[in-house]
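Asker: Got a structure here, written out as structure tokens. Questions coming.
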């Protein structure tokens with residue numbers, strides 16, 4: 001089957017090269033050239049202070065080919081649970097470029113051209129933010145060469161978002177114009193986990209929690225590691241533990257971070273506990289013979305207090321998973337070539353299962 005598919009691709013290439021036509025674009029034309037950046041890393045949930053979030057998308061076919069960019073707060077962390085979203089805003093060349101995946105939207109003209117909208121029926125709706133406006137600009141070539149579109153959306157934060165959750169990201173998505181009659185003729189970038197973490201607090205911060213020390217990582221097995229908050233850290237502060245990479249099979253493949261949960265599993269949002277509550281937690285669901293990095297953030301959950309920066313990292317490597325084969329025990333017969341043995345038939349015990 002693999003050789004047949006390869007031959008088909010070779011035949012297609014020969015056809016296009018011999019006729020002088022351009023080869024089809026197997027790779028996506030669109031990319032996120034700048035993940036969302038907020039105007040502040042600390043957002044006060046006072047429903048008064050305006051903030052902006054800015055996203056830039058690029059297309060090798062020119063900026064006219066970029067017909068939609070979207071920003072959704074905490075999308076990749078939420079997985080399928082839309083209740084964890086904190087607001088969904090989008091820019092599109094037309095209304096249809098925004099509504100093509102359904103949903104209830106409120107529309108207005110965008111400064112600089114096109115339309116912008118915010119969704120009201122899911123992903124947080126307007127429970128956590130009040131969207132205010134959108135401006136868009138373009139750079140590079142309009143057609144035939146690389147171009148970019150930059151969208152800046154303005155909003156205020158409602159009290160319902162304060163410390164709920166405390167740590168957040170703005171996640172990004174983009175799509176080009178339809179180049180053919182089918183849905184597959186669109187080129188798009190699926191949701192990308194934002195790399196600019198920000199906090200949402202009730203009031204502006206006047207102080208910051210003390211930065212924790214490196215966590216203690218120990219006791220590796222093939223799929224677990226133990227982790228504990230540094231013993232010299234505060235007994236009263238609350239701590240979150242971040243892990244990278246985020247696990248063997250994250251809910252969303254575009255996630256770049258994960259957090260240790262109270263039971264040792266991994267999740268998209270941090271759990272805040274005291275040093276004593278964390279104790280020594282066994283982190284589960286890891287991959288054999290793989291190195292994981294842990295870091296800790298502190299928070300006191302008091303007004304005007306911002307969380308600390310993430311502290312120094314500590315790493316641990318899971319053990320190599322091994323299987324024992326008892327060739328003398330009664331079991332399934334195996335022959336030469338299966339395990340590189342001689343021609344005499346061997347048996348495998350249940351221990352190798």
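Quick grid of which residues meet (1) in a loop (DSSP other than H, G, I, E, B); (2) modelled with pLDDT of 95 or more:
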residue: 33; (1), (2): no, no
residue: 46; (1), (2): yes, yes
residue: 49; (1), (2): yes, yes
residue: 56; (1), (2): no, yes
residue: 72; (1), (2): no, yes
residue: 113; (1), (2): yes, yes
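Asker: Those residues that are outside any strand (DSSP E or B) and touching a strand residue (DSSP E or B) at 6+ places or on another chain (Cβ under 9 Å), I need them from segment 115-139; list them, please.
Answerer: Within segment 115-139, 120, 121, 122, 123, 124, 125, 126, 128 qualify.
Asker: Okay, next question. Say whether the condition of being surrounded by 15 or more Cβ atoms within 10 Å (Cβ to Cβ), more than 23 Å from the chain's Cα centre (by Cα) and under 21 Å from residue 34 (Cβ atoms) is met by at least one residue in segment 158-168.
Answerer: no
Asker: Which of the residues spanning segment 27-77 are touching a strand residue (DSSP E or B) at 6+ places or on another chain (Cβ under 7 Å) and without any contact (Cβ under 8 Å) to a residue 60 or more places away in the chain?
Answerer: 39
Asker: Hey, among 329, 324, 350, which residue is exposed (fewer than 14 other Cβ atoms within 10 Å of the Cβ), farther than 30 Å from residue 210 by Cβ, in contact with a strand residue (DSSP E or B) (Cβ under 7 Å, 6 or more places away or on another chain) and at pLDDT below 80?
Answerer: From the options 329, 324, 350, the qualifying one is 329.
Asker: Please state which of the following conditions residue 225 fails to meet, knowing it meets all the rest: (1) farther than 17 Å from residue 308 by Cβ; (2) surrounded by fewer than 21 Cβ atoms within 10 Å (Cβ to Cβ).
Answerer: Checking residue 225 against (1) farther than 17 Å from residue 308 by Cβ; (2) surrounded by fewer than 21 Cβ atoms within 10 Å (Cβ to Cβ), the one that fails is (2).
Asker: From the list 62, 79, pick out the single residue that is on the phi > 0 side of the Ramachandran plot and under 24 Å from the mean Cα position of the chain (by Cα).
Answerer: Checking each option against the conditions leaves just 79.
Asker: Of all residues being touching a strand residue (DSSP E or B) at 6+ places or on another chain (Cβ under 6 Å) and farther than 20 Å from residue 282 by Cβ in segment 214-256, which is modelled with the lowest pLDDT? Just the residue, please.
Answerer: Going through the qualifying residues, I end up with 254.
Results for (1) over 29 Å from residue 128 (Cα atoms); (2) free of Cβ contacts under 8 Å to residues at least 24 places away in the same chain; (3) in a loop (DSSP other than H, G, I, E, B), shown as yes or no for each residue.
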residue	(1), (2), (3)
196	no, no, yes
230	yes, no, yes
239	no, no, no
296	no, no, no
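Asker: To continue, here is another question. If you take the residues of segment 273-294 that are crowded, with 18+ Cβ neighbours inside 10 Å and assigned to a helix (DSSP H, G or I), which of them is nearest to the chain's Cα centre (by Cα)?
Answerer: Out of the qualifying residues, it is 278.
Asker: Every residue in segment 75-105 that is surrounded by 15 or more Cβ atoms within 10 Å (Cβ to Cβ), in a loop (DSSP other than H, G, I, E, B) and at pLDDT below 95, please.
Answerer: 100
Asker: Taking residue 108 and the conditions (1) under 22 Å from residue 169 (Cβ atoms); (2) assigned to a strand (DSSP E or B); (3) out of contact with any helix residue (DSSP H, G or I) (no Cβ under 8 Å at 6 or more places or on another chain), which numbered condition does it fall short on, given that it satisfies the others?
Answerer: Condition (1) is where residue 108 drops out.
Asker: Looking only at segment 93-114, decide whether some residue is within 20 Å of residue 161 (Cα to Cα), more than 16 Å from the chain's Cα centre (by Cα) and in contact (Cβ under 8 Å) with a residue 40 or more places away in the chain.
Answerer: No - not one qualifying residue is present in segment 93-114.
Asker: Next question. Enumerate the pairs (first residue in segment 127-140 and in contact (Cβ under 8 Å) with a residue 12 or more places away in the chain; second residue anywhere and exposed (fewer than 15 other Cβ atoms within 10 Å of the Cβ) and in a loop (DSSP other than H, G, I, E, B)) with beta-carbon separation below 7 Å, excluding pairs fewer than 6 apart on the same chain, so at least 6 apart or on different chains.
Answerer: Pairs found: 130/47; 132/50; 136/113.
Asker: Right, another one. So which residues in segment 166-176 are outside any strand (DSSP E or B) and either out of contact with any helix residue (DSSP H, G or I) (no Cβ under 8 Å at 6 or more places or on another chain) or free of Cβ contacts under 8 Å to residues at least 40 places away in the same chain (or both)?
Answerer: 166
The values are calculated or read from the model by the stated rules, or taken from the named source; none is laboratory data. Because the structure is predicted, anything quoted here is derived from the model rather than measured. Glycine gets a Cβ as well: all are built from the backbone with ideal geometry, and neighbour counts include every protein chain shown.
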